[in-house]
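**Q** This is the structure I have questions about; it appears just below.
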Amino acid sequence: QITLLIGFISVNNSPWTDYSAYSFFQIVTMCDLVMILFFYIMHIFRVYRKLTCVSWPLAEFLHYLIGTILLLIGSIVAAAKSYNITGLVAGATFGFLATILCVISMWSSYKVSCITQSTSK
């Protein structure tokens, strides 16, 4: 979350040259931040125990998968359109770092929820 927030702030406080590229990057980072916060709140308040009709491990896995793909696309576009402006380069760099961290989180989420459940039966 922190890397996404730093990437968003870096891009937001820099002069833009291509509005569509950085608007997409900002929207993707904010959507990822909101969804990560949503899943944290679900876990903190244990709402997943009350809503049993939803497969929460699958929902979290799909969130990370879709968010990671969109974040990777946004970071590539932001890096290609940065024109050596330091804030935009920093935003794209933190976007790539957040992409790597999302892949690690996706793998650990899959490993904990799916592999652990299959071996405990």
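The values are calculated or read from the model by the stated rules, or taken from the named source; none is laboratory data. Small disclaimer: the values here were computed from a predicted structure and weren't measured. Methodologically, a virtual Cβ is constructed for each residue, glycine included, from the backbone with ideal geometry; neighbour enumeration extends over all protein chains shown. These area figures cover heavy atoms from the full protein model, side chains too; ligands, DNA and RNA do not enter into them. Shrake-Rupley method; radii C 1.70, N 1.55, O 1.52, S 1.80 Å.
**Q** To the nearest 10 degrees, how steep is helix 86-110 against the longest Cα principal axis of the chain, on a 0 to 90 scale?
**A** Taking the Cα atoms of the chain, the angle to 86-110 is about 10 degrees.
**Q** Let me ask something else about it. Sort SER23, SER109 from largest to smallest accessible area, using a 1.4 Å probe on the heavy atoms of the protein chains.
**A** SER23, SER109
**Q** Counting only heavy atoms of the protein chains, get the accessible area per residue of region 1-46 (1.4 Å probe) and round it to a whole Å² value. List each step's numbers first, then the result.
**A** On the way: 2750 Å² over 46 residues.
Per-residue accessible area for region 1-46 comes out at 60 Å².
**Q** Suppose only helical runs count, i.e. DSSP H with n ≥ 4. What mean residue ellipticity at 222 nm does that imply for the chain under -39500 (n - 2.57) per run, divided by all residues and rounded to the nearest 500 deg cm²/dmol?
**A** -26000 deg cm²/dmol
**Q** Carbon-plus-sulfur fraction of the accessible area of the chain, 1.4 Å probe, in percent? Please list the in-between numbers first.
**A** Numbers: 5450 of 7470 Å².
Solvent-exposed carbon and sulfur of the chain make up 73 percent of the total.
**Q** Next up: Pop out the ³J(HN,Hα) list for region 53-59 in order, Karplus 6.51 cos²θ - 1.76 cosθ + 1.60 with θ = phi - 60°, rounded to Hz; leave Gly and Pro as x.
**A** These are the phi-based 3J(HN,Hα) values: 6, 9, 7, 5, x, 5, 4 Hz.
**Q** Further question on the same structure: Scan (1) 2, 12, 15, 16, 16, 18, 14, 5, 1, 0; (2) 2, 11, 21, 24, 20, 12, 6, 2, 0; (3) 2, 12, 20, 20, 15, 11, 9, 6, 4, 1, 0, 0 for the value of P(r) over Cα pairs in 5 Å bins from 0, in percent calculated from this model and give just the label.
**A** Label of the calculated value: (3).
**Q** Rank these residues by their accessible area, most exposed first, probe 1.4 Å: TYR22, TYR110. Each step should come with its number before you reach the end.
**A** Details: TYR22 0, TYR110 90 Å².
Of TYR22, TYR110, the descending order of accessible area is TYR110, TYR22.
**Q** I'd like to compare 68-75, 82-89, 98-105: which one has the highest average count of other Cβ atoms within 10 Å, and what's the full order after that?
**A** The peptides rank, most packed first, as 68-75, 98-105, 82-89.
**Q** Taking the Cα centre as origin and putting +1 on Lys and Arg beta-carbons and -1 on Asp and Glu beta-carbons, what dipole magnitude results for the chain, to the nearest 20 debye? Working shown, then result.
**A** Numbers: 6 positive and 3 negative charges, 101 e Å.
With only Lys, Arg, Asp and Glu charged at Cβ, the dipole is about 480 debye.
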